[in-house]
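Please treat every number below as a calculation from the coordinates, not as lab data. Just so we're clear, the structure is a prediction, and the values are computed from it rather than from any experiment. As a convention, Cβ positions derive from the backbone with ideal geometry for all residues, glycine included, and neighbour counts pool all protein chains shown.
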There are 2 protein chains.
Amino acid sequence: MKRFIVIGHKALTSGDFSLNDMPGSAGRMDVLCRCVNSSLFLSHDLRRDVECYLVLLGEPNPPKTILFSGERVRYLNPDERSAGSLIKKALGITCSDEFTESTKGVYIRRGGLERLLSEFQVALLDEHGVDIRTTDELPEAYLLSDHMNFSEGEEDLIRDVQKVSVGPKILHADHTITIMLNEMDRREKPSEL
Amino acid sequence: MKRFIVIGHKALTSGDFSLNDMPGSAGRMDVLCRCVNSSLFLSHDLRRDVECYLVLLGEPNPPKTILFSGERVRYLNPDERSAGSLIKKALGITCSDEFTESTKGVYIRRGGLERLLSEFQVALLDEHGVDIRTTDELPEAYLLSDHMNFSEGEEDLIRDVQKVSVGPKILHADHTITIMLNEMDRREKPSEL
């Protein structure tokens with residue numbers, strides 16, 4: 001399973017935001033929606049071997065983690081509003097310490113990065129990391145930030161994780177995911193033939 | 001200059017669509033908006049050496065071509081609604097055979113693919129093409145389709161163009177642009193050092 005974890009530093013943790021203002025009052029929820037798209041969509045198909053974890057750290061009840069499962073998700077279209085609508089529904093249900101399904105293939109729980117780091121061997125997508133094209137074995141889980149840098153607390157948590165880079169320019173999180181998956185696609189291809 | 005040309009086979013050619021329903025009544029305008037994003041955005045910066053051409057073929061007055069210039073564009077944010085809003089404004093002005101600026105760095109004219117093919121040396125991004133990683137010299141202009149295949153008429157126009165591929169899976173147009181630009185970034189890097 002391939003996993004992408006994206007931190008939404010200001011992303012609201014209640015569902016009462018407007019789909020018409022995701023970059024503003026919803027705390028750059030648009031960034032997270034685009035990461036769901038780039039993690040899960042192929043042309044006319046879904047990437048069933050990918051999970052996308054969104055860590056929401058905005059008001060009023062952070063942290064919460066929303067999981068989109070490429071294997072199980074339904075009702076998801078590629079546009080930002082579609083992912084935003086499923087995030088709204090997830091934030092609308094009662095949230096416990098374990099994942100609860102809000103719509104098919106979308107789950108929510110309390111908790112954030114620290115717990116995810118205890119569950120998966122995570123690599124950081126970082127411009128100072130080792131080039132993914134020269135990495136012998138690609139990690140299975142990747143951490144990215146939204147439009148903001150990691151906080152000091154987060155930096156402490158990830159100080160020792162492996163760092164990998166997708167190229168010479170600093171890119172948006174969703175673009176980085178697309179390039180990462182392309183590298184994985186290319187490495188898988190021989191075994192599919 | 002790097003150029004991406006995206007065909008929107010059903011994308012409306014009048015500005016009276018709702019930003020709340022770009023995948024539906026606007027004719028998959030969301031696809032074109034995402035291509036603007038992937039063509040022009042870097043993290044906290046714009047790709048000033050990229051132009052993104054959207055060819056709109058939907059009702060009521062096709063074909064029209066909208067150009068987003070990375071060097072000149074203003075008022076563009078990464079979310080789909082932002083690009084959609086600038087497309088609406090472009091479709092709202094009187095359109096002639098030459099590009100007219102609708103908002104800073106966004107231009108519209110009558111005409112479509114045939115004219116663009118006469119202006120630029122275009123390569124087709126196609127899963128059966130030559131791998132971009134093994135192409136000696138990368139083309140400067142690339143043609144992509146939205147969620148639909150090229151029409152027969154379009155196929156006739158592009159029968160002899162160079163075909164390049166970004167990898168083993170068939171991807172959305174915006175994801176393909178992201179991977180293409182990453183390959184270009186990597187090749188440019190040495191000369192920047």
Q: Could you check the simple spin-label distance between A:SER118 and A:GLU101, using points 7 Å along Cα→Cβ, in nm with one decimal?
A: 2.6 nm
Q: Please turn the phi angles of the stretch B:32-38 into ³J(HN,Hα) values with the Karplus equation 6.51 cos²θ - 1.76 cosθ + 1.60 (θ = phi - 60°), one per residue in order, whole Hz, x for glycine and proline.
A: 5, 4, 5, 5, 4, 4, 5
Q | Net lengthening on full extension, B:GLU59/B:LYS89 (0.36 nm per residue, minus Cα-Cα) | A | 9.1 nm
**Q.** Long-range amide H partners of B:ALA141 with built H, under 5 Å
**A.** B:ARG3, B:ALA123
Q: Could you sort out which of B:LYS10/B:LYS64; A:LYS169/B:LYS64; B:LYS2/B:LYS189 sit more than 22 Å apart by Cα distance in this structure?
A: A:LYS169/B:LYS64
Q.
Per 0.36 nm of contour for each residue apart, how much would the distance between B:ARG187 and B:SER43 grow if the chain were fully extended, relative to their Cα-Cα spacing?
A. 49.9 nm
**Q.** Mean separation of Cα contacts under 8 Å, 6 or more apart, over the residue count of chain A: relative contact order %
**A.** 23 percent
Q.
Below 14 angstrom from the Cβ of A:ARG72, what's the summed charge of the other residues (Lys, Arg +1; Asp, Glu -1)?
A. 0
Q: Place a +1 charge on the Cβ of each Lys and Arg in chain A and a -1 charge on the Cβ of each Asp and Glu, then give the dipole magnitude about the Cα centre in debye, rounded to the nearest 20.
A: 580 debye
Q: Apply the Karplus parameterisation 6.51 cos²θ - 1.76 cosθ + 1.60, with θ equal to phi minus 60°, to every residue of the stretch A:172-177 and state each ³J(HN,Hα) to the nearest whole Hz, in sequence, with x for glycine and proline.
A: 4, 4, 5, 5, 4, 4
Q | Value of D in µm² per second that Stokes-Einstein yields for chain B, Kirkwood Rh from Cα pairs, at 10 °C (1.306 mPa s) | A | 95 µm²/s
Q: Mind listing the long-range amide H neighbours of B:LEU46? Cut-off is under 5 Å, sequence gap 5 or more, other chains count too, H placed in the peptide plane at 1.01 Å from N.
A: none
Q) Which ³J(HN,Hα) values in Hz, rounded to whole numbers, follow from the phi angles of the stretch B:56-66 under the Karplus curve 6.51 cos²θ - 1.76 cosθ + 1.60, where θ = phi - 60° and Gly and Pro get x? A) 9, 10, x, 5, x, 9, x, x, 10, 10, 10
Q: Would you mind ranking B:LYS64, A:LYS89, B:LYS104 by Cβ crowding within 10 Å, fewest neighbours first?
A: B:LYS104, A:LYS89, B:LYS64
Q.
Along the Cα→Cβ direction, 7 angstrom out, place labels at A:ASP156 and B:ASP160. What is the inter-label distance in nm?
A. 6.7 nm
